[in-house]
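Here, each number is a calculation from the coordinates, and none is a lab measurement. Predicted, not measured: the structure shown is a model, and the values here were computed from it. Please note: Cβ atoms are built from the backbone with ideal geometry, for glycine as well, and neighbour counts cover all protein chains shown.
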Amino acid sequence: MTQKEVITRIVKTLDSKKAEDIQIIGIKDLTIIADYFIIANGTSTTHTKTLADEVEHQLSKAGVNPTRVEGYNGASWIVLDYSDIIVHIFYKETRDFYKLERLWSDGEYLDVNEFLGEE
């Protein structure tokens with residue numbers, strides 16, 4: 001899968017499971033850790049786990065598996081690392097506390113709706 005296809009699959013999966021405030025931030029010009037962050041939040045720790053599980057499931061069906069997964073125990077911030085794309089799934093209050101978007105405000109913000117329209 002191309003990078004754009006992976007992003008599209010992640011965004012559509014998050015949207016289908018009612019993730020809130022999905023953001024895509026291009027960070028390749030700012031750091032070497034990844035090209036993109038995808039950030040979303042759930043309404044409870046159960047919802048947060050469900051979002052992460054479904055992203056993992058949908059990508060694994062396409063043969064794409066994370067190189068690392070962190071945060072399932074507390075489920076307030078789950079990170080799925082797909083090397084060039086890192087997915088951050090927060091519990092709402094945790095997202096509000098860490099304000100990851102503020103830390104990466106110099107990144108390139110992509111329009112989520114462009115990916116939701118992709119097939």
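For the reader, a short list of remarks on this structure follows.
- Average silhouette area of the stretch 6-119, convex hull of alpha-carbon atoms, in square nanometres: 6.5 nm²
- DSSP-defined beta bridges in the stretch 3-116 - what % are antiparallel, rounded to 5: 70 percent
- When the chain is treated as a GNM with alpha-carbon contacts under 10 Å, the residue of 51, 14, 59 showing the greatest mean-square fluctuation is 59.
- Note on the chain: with a GNM built from Cα contacts shorter than 10 Å, the maximum mean-square fluctuation among 65, 73, 41 falls on 73.
- Gained length - residue 54 relative to residue 18, 0.36 nm times residue gap less alpha-carbon distance: 11.8 nm
- Here the contact order of the chain, divided by its residue count and restricted to Cα pairs under 8 Å and six or more residues apart, works out to 31 percent.
- Spin-label zone in the stretch 67-86 - amide nitrogen under 18 Å from a point set 7 Å from the Cα of residue 97 along the C-beta vector: 70-79
- Label positions at residue 73 and residue 113, each projected 7 Å from the Cα along the C-beta direction, are separated by 4.2 nm.
- Cubic angstrom per residue, convex hull over Cα atoms of the stretch 34-101: 74 Å³
- Among 48, 94, 67, residue whose mean-square fluctuation peaks in a GNM of the chain (springs only between Cα atoms under 10 Å): 67
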